[in-house]
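Inspection log for the structure reproduced underneath, given as structure tokens.
The values are calculated or read from the model by the stated rules, or taken from the named source; none is laboratory data. These figures come from a predicted structure and were not determined experimentally. Counting neighbours? That spans all protein chains shown, and the Cβs are built from the backbone with ideal geometry, glycine included. We work out accessible area using only protein heavy atoms, side chains counted, and drop any ligands, DNA or RNA first. Shrake-Rupley method; radii C 1.70, N 1.55, O 1.52, S 1.80 Å.
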Amino acid sequence: LEEKPPQDEYEKKHFEVATILSNYSAYLTVFLPQILPDNAYRTRCDFDKIIKQLKKEAYMEGDYEALPADFCDDKSILTQARSLKKELEQLPNQWKTLAEFWTERFMFLALSDSSEAIEAHADNLCVGGEYITHVWALLLHAGCSK
């Protein structure tokens, strides 16, 4: 969205939450896909596909119109991202909306109940644990579920 964080203190806090949780989710996708609800292999393949699309676009020197038709179809992740960006820029409190989205997304990820994710959380606890693993354990013992 904006290249610089907002100056308003209220929006700045939302900017920080949205940025931290977004970055943490990206970190999990790259380094700990087995902790996420979807199959780790599929998560990795989807991530690699998006990176490939981004690299391809960078080579096109940012000229979106010049991209091949099969790359810019309506289902392209980049097409969807651009559309979402435009919608978010129209919102009066875009950073609050993004902070709420990433908070909900993080809670969804923490409550992953696939056998692969549960095993990954258990393994992580043995070595000190990942932040999301501690949240998972807390929510599990509090009786929370999807």
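What the table shows:
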item	result
Where Glu116 falls short, out of the listed (1) at pLDDT below 85; (2) among the charged types (D, E, K, R); (3) within 23 Å of Lys49 (Cα to Cα)	(1)
Subset of the range 126-135 (residues that are under 22 Å from Asn39 (Cβ atoms) and either open to solvent by less than 30 Å² (accessible area, probe 1.4 Å) or at pLDDT below 90 (or both))	Ile132, Thr133, Val135
Residue list for the range 9-29, filter: of a type in the set (A, V, I, L, M) and surrounded by 13 or more Cβ atoms within 10 Å (Cβ to Cβ)	Val17, Ala18, Ile20, Leu21, Leu28
Test: Arg44 is over 29 Å from Leu111 (Cβ atoms), at pLDDT 75 or above and in a helix (DSSP H, G or I)	no
